[in-house]
Structures are given as C-alpha cells and as structure tokens.
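The values are calculated or read from the model by the stated rules, or taken from the named source; none is laboratory data. Please read these numbers as outputs of a predicted model, since none were measured by experiment. Cβ sites come from the backbone with ideal geometry, for glycine too, and all protein chains shown count toward neighbours. We work out accessible area using only protein heavy atoms, side chains counted, and drop any ligands, DNA or RNA first. Shrake-Rupley method; radii C 1.70, N 1.55, O 1.52, S 1.80 Å.
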Amino acid sequence: MAKGYVYILTNPAFKEDWVKIGKTSGSVEKRMDELFTTALPKPFDLYAWCRTSKFNELEKQMHHILDKLTNSRIADNREFFQKVPSEAYSILRELAMTIEDAEFYCKYEEEQKKNAVKVAPPFRFSMARVRQGDIVIFEPTGAQAIVVADKCDNKIEYQGELYTLSGYCKKFMPENKRNSSGAYQGPHYFSFNGKLLCDLREEYEFAEE
C-alpha cells in the first residue's frame, strides 16, 4: 500500500502558534510549493511529518482531535489550527505510535541532534592500544609507570602505589607546570612509544570511522 505524509507546516507570516496540518501522497516539498500562492507573502516552513500507508486515516484523526477536543481550527473550511507546533507534533506522534509503518521527522529534533555536544566516554588504555604491563611516560618529569588495565581497573603503578592518570598528575605535577584549577586530563600528560595517549586515542578512533 502506497505511503503518504501527514505534515505540520508553519509560516513566518502567521502567528507563532498557527500551523497548517494536511496530507499528501506526493512529496511534502512539492506540496509546500503548491501552497505558496500569491495570497501568501512568504513560503511555508516544514516543521514535522509522519509518513505512513495510513496517512488518510491519520490526518482525519489529527483534525478530529484538534476540532473536537481543543476547538483550535482557525477557519471551518481550512486546515489551519491555533496550536504551538511542538504540541501539534506531540499529538501527531501519539496518534501514530500504534501504526507499524509510521516514520517521523521533526525539524526541531533534527536541530537538537546537530547542536548536541558529543560527550566522549572516559579514557581507557585499550582506546590507545596500551596493554597491561606496558610502560607509560609522565612527560612533565620523564617518570615511568606501569599500566594496570583490565575490565575492572584502569590505573598505573608507580613506586608500589596505584594511581589514576589524573590522580598521578595532581600529585606529581611540577610546581611550575601546575594549573590554577588543579584538575588534569591524564592522557594529555602521559605518552606511550613517543606519542601522547590522547593523540593515540584520537588516531585509532579516527581510523575506525
């Protein structure tokens, strides 16, 4: 069964809480071009859509909810509703959640994904291909430490004591190289085979992409 779209459009010429909710069996972009007539000073913007083979039924349900429960239709014979776009999209998603072939797109959600800061996972020696028993060098002093790294631990041994990389930095950083915060990213100060651990991690992660 052919799929179609139920779309939510906004327009810069309208109020912020006005949306157009309709359907199309073709592309949403083509439908937006068709809707941009001489009566409108600016073209529509796509806020969201749901693609499904049951797009006809879904649009009817959407209009019914907005008509009967919220009474938000701006004009009786038009598909314009007084509804904040995000709220309209929430209703659309809720109605379509039981439809097996439903696919969704929301401009706001996509922008949030693009703008989200990717948080890197904490450093582990395996990320730099460093193994248990390997020797790493603390670059500020040239001191050597033995790697203690397994599934449960990720530390180094120095003079019989165990430290995290950051903890070692905090204790043994030379006075003239200390920072005001007292916090250190350990992989930036330890090297293995002549390369900093942070650079090795980046090198291997880049190779895997």
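Some observations on this one:
- Selected residue (criterion: nearest to Y5 (Cα to Cα)) from residues of the range 39-54 that are among the charged types (D, E, K, R) and open to solvent by 70 Å² or more (accessible area, probe 1.4 Å): R51
- Filtering I156, I146, I137 for residues that are touching a helix residue (DSSP H, G or I) at 6+ places or on another chain (Cβ under 9 Å), at pLDDT 90 or above and part of a strand (DSSP E or B) leaves a single hit, I156.
- Residue check, M62 open to solvent by 40 Å² or more (accessible area, probe 1.4 Å) and either free of Cβ contacts under 8 Å to residues at least 60 places away in the same chain or assigned to a loop (DSSP other than H, G, I, E, B) (or both): no
- The lone exception for Y184 - which of (1) in contact with a Ser or Thr (Cβ under 6 Å, 6 or more places away or on another chain); (2) assigned to a helix (DSSP H, G or I) it fails: (2)
- Within the range 10-29, the residues that satisfy the criterion of being under 12 Å from F80 (Cα atoms) and either assigned to a loop (DSSP other than H, G, I, E, B) or of a type in the set (D, E, K, R) (or both) are N11, F14, K15, D17, K20.
Each row is one residue, and each column tells you yes or no for (1) among the aromatic types (F, W, Y); (2) open to solvent by less than 50 Å² (accessible area, probe 1.4 Å); (3) at pLDDT 90 or above; (4) touching a Ser or Thr at 6+ places or on another chain (Cβ under 6 Å).
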position: T10; (1), (2), (3), (4): no, yes, yes, no
position: K15; (1), (2), (3), (4): no, no, no, no
position: S25; (1), (2), (3), (4): no, no, yes, no
position: T37; (1), (2), (3), (4): no, no, no, no
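- Among the residues of the range 149-196, those identified as open to solvent by 60 Å² or more (accessible area, probe 1.4 Å) and touching a Gly at 6+ places or on another chain (Cβ under 7 Å) are T164, K170.
- Residues of the range 61-110 that are at pLDDT 90 or above and among the basic types (K, R): R93 alone.
- Matching residues in the range 124-140 - criterion: being open to solvent by 40 Å² or more (accessible area, probe 1.4 Å) and within 19 Å of K170 (Cβ to Cβ): I137, E139
- Some residue of the range 197-205 being open to solvent by 90 Å² or more (accessible area, probe 1.4 Å) and more than 15 Å from R124 (Cβ to Cβ): no
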